[in-house]
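Notes follow once the structure below has been shown.
The values are calculated or read from the model by the stated rules, or taken from the named source; none is laboratory data. Note that the structure is a prediction, hence the values are computed from the model and not measured. Positions of Cβ are generated from backbone atoms using ideal geometry, with glycine treated the same way; all protein chains shown enter the neighbour counts.
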Amino acid sequence: MGILLGLPIVILLTIFQSVVVSNIPLLHGTADVVLLVLAALALQERISTIYEWAVMAGILMGLVSAVPWFIPVLGYVGVVAFARFLRRQVWQTPVLAMLLTTLAGSLGMLFMQMLALQAQEVPISIVESLNLVILPAVFLNLVLALPIYALTVDVSRSVVSEEVEI
Amino acid sequence: MTGFLERFWRTGVIFLIVAGLLFLALGGYLNPMVRLASAPWIATQRWLMTRYLAFYELVSSPQEMAALRQQVALLEEENARLRSQVIELQQELRKAQTTSALLDFARSRPGDRFVGASVIGRDPSPFLQYIFIDKGSDDGLRRGMPVVTAEGLVGRIDAVIANGARVQLITDPGAAVNVKIANSEVEAILSGSLTGELTLEMLPQEASLKVGDVVLTSGLGGNYPENILVGQVAALRQQETTLFQTALIQPAVDFRTIRIVLVITNFAPVDLSPLQPVSPVP
């Protein structure tokens with residue numbers, strides 16, 4: 001799958017995130033479907049342009065959200081890099097890799113957002129952020145990680161054949 | 001001759017027997033015998049008729065069942081269509097009620113010009129309280145324009161594209177609104193928070209406030225027009241050791257269910273940044 005196919009998918013995911021997922025909070029945290037899909041795709045090695053997808057998703061999120069634009073870009077690229085790294089280390093247990101990527105990626109992304117907003121002098125308390133936003137959001141991401149991984153594997157299997165190294 | 005007599009007697013005997021039977025039947029003497037003889041007949045006929053009717057129903061019922069099933073399917077389809085029509089009409093009614101309330105609000109402020117917009121999304125970041133609306137610079141919207149509903153103040157436009165805009169809600173942790181308490185001289189700064197809670201900061205200790213007091217925009221700072229309803233005082237936090245007291249505000253707008261908003265397009269926010277002191281370069 002190339003970059004051209006990635007763009008509409010990333011746009012649809014961003015719209016879904018903004019319209020649906022952001023309206024279903026747990027306390028004040030919400031899941032990040034874009035992060036989960038990128039992590040799931042990165043763990044499968046089926047899409048060679050996954051880094052480009054991550055950059056596109058980051059730029060789109062940066063444009064849509066009031067968070068500084070480079071935070072989603074760095075966050076999503078970091079998630080993909082971490083997923084690829086785990087794919088090589090624990091390739092026999094992709095579910096574990098998915099959960100680890102989700103945990104680390106969500107924490108990294110949310111802490112980066114919090115620090116960026118604090119740098120912009122937005123009065124956000126770290127304890128409050130941790131209790132009311134970060135932990136609920138990470139929990140939601142972990143709950144959704146496995147269903148999204150399974151769905152992504154099924155869809156990508158039916159669309160893209162796996163690349164085999166000779 | 002003998003043959004004639006024999007036939008005569010035979011005919012006569014038969015005639016007598018028939019006449020006797022007729023006589024007995026007319027007299028009702030044969031009824032028990034008739035009943036006894038007819039019982040097996042009737043029973044046989046009833047048995048046969050029952051079986052025939054069962055067979056007839058068996059043969060004819062599938063057609064009736066098919067017709068009934070078709071009728072049920074048609075009715076179910078019509079029921080589903082009517083249900084969806086009811087839901088659509090309810091949605092239209094809600095929309096009309098909201099629009100009517102917004103029109104009333106617009107009529108109550110004849111000096112302002114408004115552009116109505118629908119809410120089409122929320123900021124993906126859980127730290128921020130922003131919404132997206134479906135009107136942009138093509139409709140005359142600019143950065144900084146205040147956004148309201150019939151209930152009260154919503155926020156102000158933070159970013160605009162041609163056909164959409166991002167609105168910072170007053171509940172956002174980065175938002176600050178200059179407000180005043182209705183029917184008093186008390187003025188303060190309303191701040192949002194991570195939890196969407198609204199608080200009045202910098203309230204002097206001597207300011208007399210009570211729960212239920214109405215909070216309006218003061219117009220100071222040039223970011224919002226004056227006298228737009230913000231909410232009501234829900235609780236007060238006073239400590240003798242601090243210079244200021246704080247008040248918790250119950251917003252007039254329910255930000256979770258907000259669907260349609262009005263943007264005040266003839267309000268130009270004042271940019272005070274040139275007046276702010278710049279820190280001297282060492």
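Within the option set A:VAL19, A:VAL33, being among the hydrophobic types (A, V, I, L, M, F, W, C) and within 14 Å of the chain's Cα centre (by Cα) holds for one residue only, A:VAL33.
For region A:1-14, a residue qualifies if it is outside any helix (DSSP H, G or I) and of a type outside the set (Gly, Ala, Ser), and exactly one does: A:MET1.
Among B:LEU82, B:LEU89, B:LEU103, which is the only one that is part of a helix (DSSP H, G or I) and either within 14 Å of chain A (Cβ to nearest Cβ) or surrounded by 13 or more Cβ atoms within 10 Å (Cβ to Cβ) (or both)?
On the way: B:LEU82 fails: either within 14 Å of chain A (Cβ to nearest Cβ) or surrounded by 13 or more Cβ atoms within 10 Å (Cβ to Cβ) (or both); B:LEU89 fails: either within 14 Å of chain A (Cβ to nearest Cβ) or surrounded by 13 or more Cβ atoms within 10 Å (Cβ to Cβ) (or both).
Testing whether each residue is part of a helix (DSSP H, G or I) and either within 14 Å of chain A (Cβ to nearest Cβ) or surrounded by 13 or more Cβ atoms within 10 Å (Cβ to Cβ) (or both) leaves just B:LEU103.
Residues of region B:120-142 that are aliphatic (A, V, I, L, M) and surrounded by 18 or more Cβ atoms within 10 Å (Cβ to Cβ): B:LEU128, B:ILE131, B:ILE133, B:LEU141. Here region A:29-77 is the region considered, the condition is being small (Gly, Ala, Ser), assigned to a helix (DSSP H, G or I) and in contact (Cβ under 8 Å) with a residue 60 or more places away in the chain, and the residue that is farthest from the other protein chains (Cβ to nearest Cβ) is A:ALA40. Are any of the residues in region A:15-28 on the phi > 0 side of the Ramachandran plot and either part of a helix (DSSP H, G or I) or within 12 Å of chain B (Cβ to nearest Cβ) (or both)? Looking through region A:15-28, at least one residue is on the phi > 0 side of the Ramachandran plot and either part of a helix (DSSP H, G or I) or within 12 Å of chain B (Cβ to nearest Cβ) (or both). Exactly one residue among B:LEU58, B:LEU26, B:LEU48, B:LEU16 is exposed (fewer than 10 other Cβ atoms within 10 Å of the Cβ) and at pLDDT 80 or above, and that residue is B:LEU26. Within region B:87-114, residues that are modelled with pLDDT of 80 or more sit with their Cβ atoms under 8 Å from residues that are in a helix (DSSP H, G or I) and not charged (D, E, K, R), at 6+ positions apart or across chains, in these pairs: B:ASP112/B:ALA106; B:PHE114/B:LEU102; B:PHE114/B:ALA106.
So that you can scan it fast, the table gives a plain yes or no per residue for (1) assigned to a helix (DSSP H, G or I); (2) within 14 Å of chain B (Cβ to nearest Cβ); (3) in contact with a Lys or Arg (Cβ under 9 Å, 6 or more places away or on another chain); (4) among the charged types (D, E, K, R):
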| residue | (1), (2), (3), (4) |
| --- | --- |
| A:VAL79 | yes, no, no, no |
| A:MET98 | yes, no, no, no |
| A:GLY105 | yes, no, no, no |
| A:MET109 | yes, yes, no, no |
| A:ALA116 | yes, yes, no, no |
| A:ILE124 | no, yes, no, no |
